[in-house]
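Let me begin by presenting the structure, written as C-alpha cells, before commenting on it.
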Amino acid sequence: MFSRLYLHIPWCLSKCGYCAFSSRPVEHEKLEQTCELLQQEMQLAAAAFPDNQPLRSLYFGGGTPSLLNPAQIDRLIATSRTLFGHANGIEISLEANPGTVSLPSLTGYHQAGVTRLSLGAQSFNDRMLQTLGRRHTADETRSAFQLAQQAGFSSIGLDLICGLPQQTETDWQSDLEEALALLPDHFSVYGLSIEEGTTFSTRYPDGSAELPDDDQSATMLETADTVLTAAGYEHYEIANFARPGCRSQHNCGYWQRDGYLGIGPGAHSFLQQGNGLRWGNQSAYESWADAILHNRLAAEDQQQLSREEALSETIFLGLRMADGINLDRFAEQFGERMEQRFATEIAQLQQAGLLTCTAEKIALTRQGMLLSNQVFVRFI
Ligand code: SF4
C-alpha cells in the first residue's frame, strides 16, 4: 500500500564536488527519453502494485528536476493522476536549482500543478558556492526566489549546507541572515558530510584542516536552530524548519513510514506490506533504462523487514520528528510498550538531557536533535 510518489530526475548541469546522490551531468538529448521512461515505469508499477490509495503527495527530486520543461512536468503529473489518482489537496513538490529557472518555466510548473518549490540555495557566499562546485551565484538564488513568487508560488523552501571548507561561524550566520531576508516558508539545513567516491573525499581527507571540526560544525547547526526558531520557524525534524502549516508533507511521510513508490534510477520504495517491504531501483541510468525499455521494473535489493527491523526503524525515523513517537500507537503496532522495553535506555537518555518522555510520547530534546546519533544507537 502506498499513497506517496517520488520521481527521480537523474540529471544535473554538472556534478558538484560533494554530491553522492544518483545524478550525473546532463545529456540534453536524453531529457525527453527520461520523461518517457518515467511515464512507462509508472505504468509498470501501477500494474505491479494495484492497491494504492490516491496520492497525497508527489515529489520531483534529483538531480535537478528543473532541467525538465513545464510541458514534461505537466505530462508526468497527468500520468500519475491517471494511474494512481490524486487525493484532494495533494502536495506536489519540485526541487529546483537557481540558474536553471526563469519566469516562464516557473509559471509553467505552477500552472502544471506544482504547489511547493524547494530551491537548492546551499549558501549565499559565492566563494563557498564555487568550492561546492555549484553552478549558480547568490544573486541567482535571490532572483529565482523572486521569480517563483511572481510565478504564483506561495510555498517556497530553501536548502542550506553548513560545515563547508574554510567556512567560519560568521560566514554561516551571514548565510542564515541572507536566507531569512527572503522570508521562505521552509528550510532544510544539512551539515556537510564527506561521502566516499566524491571529489571531496579525495580533496578533503579525514581530518583535513580546511574543514571545520566536529565541534565547530555542531555549533553551526545549533546556530541554525537558534536563529531560525527565533524567527518563528518550527524545528519539526532534525534537518527541517517550517513556518506553521508549511511542513513538507511528503518528507513527513518518510519519517512516519507511509508507503511510497520511487520511480527513476536509484529511487527507493517502501510498501506497507507485512512489517514493510523496501527496495531500490538500479542507479545507473543505462541499466534502469534498459529494464524499463524491456517492460521490467528496475528493482533490486528487495528487503522484507523483520518485526525487529520494523521496530528499530519506527524508533529512529519517528524520533527524527519533534512530534516524537506516540506510545499508544507504538504499542498497538508492536504489541509491547516502548517505554517498558527500553526503560533503561530511555532513563539514561533523559538524564543526559537528550530525550523527553511523557505518558503520550517520547521525543528528542533540542540537545537531542543536535546529537541525534548518540540517541539512535541506543535503540538499534
Ligand atoms: S545539483 Fe544537487 S544532485 Fe546535482 S550534482 Fe549538485 S548536489 Fe548533486
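Annotations
- Within the stretch 325-380, the set of residues being in contact with a strand residue (DSSP E or B) (Cβ under 7 Å, 6 or more places away or on another chain), assigned to a helix (DSSP H, G or I) and touching a residue at least 12 places away in the same chain (Cβ under 8 Å) comprises 327, 338, 339, 346, 349, 368, 369, 372, 375.
- Among the residues making up the stretch 267-299, those that are out of contact with any Pro (no Cβ under 9 Å at 6 or more places or on another chain) and of a type in the set (Phe, Trp, Tyr) are 270, 279.
- The stretch 15-44, residues that are in a helix (DSSP H, G or I), aliphatic (A, V, I, L, M) and either touching a Ser or Thr at 6+ places or on another chain (Cβ under 7 Å) or within 16 Å of the ligand (Cβ to nearest atom) (or both): 31, 42
- Test for residue 348: is it at pLDDT 95 or above and surrounded by fewer than 14 Cβ atoms within 10 Å (Cβ to Cβ): yes
- Exclusive hit being at pLDDT below 95 and hydrophobic (A, V, I, L, M, F, W, C), set 84, 124, 21: 21
- Of all residues making up the stretch 214-245, the number that are without any contact (Cβ under 8 Å) to a residue 60 or more places away in the chain and either among the acidic types (Asp, Glu) or on the phi > 0 side of the Ramachandran plot (or both): 4
- Boolean, residue 3 is surrounded by fewer than 21 Cβ atoms within 10 Å (Cβ to Cβ) and away from the ligand (no atom under 14 Å from the Cβ): yes
- Of everything in the stretch 45-60 that is in contact (Cβ under 8 Å) with a residue 40 or more places away in the chain and assigned to a helix (DSSP H, G or I), the residue that is farthest from the ligand (Cβ to nearest atom) is 48.
- Restricting the search to helices (runs of 4 or more DSSP H) fully inside the stretch 63-138 and requiring at least 1 residues that are within 16 Å of the ligand (Cβ to nearest atom) gives 126-132.
- Residue match in the stretch 93-104 (condition: in the same structural domain as residue 8 (by TED's automatic domain parsing), under 17 Å from residue 144 (Cβ atoms), crowded, with 21+ Cβ neighbours inside 10 Å and more than 15 Å from the chain's Cα centre (by Cα)): yes
- The set of residues in the stretch 224-240 being polar (S, T, N, Q) and out of contact with any strand residue (DSSP E or B) (no Cβ under 8 Å at 6 or more places or on another chain) consists of 226 alone.
The values are calculated or read from the model by the stated rules, or taken from the named source; none is laboratory data. It should be emphasised that the depicted structure is a prediction, and the values quoted were computed from it without experimental measurement. Here Cβ is always computed from backbone atoms with ideal geometry, including for glycine, and neighbour counts include all displayed protein chains.
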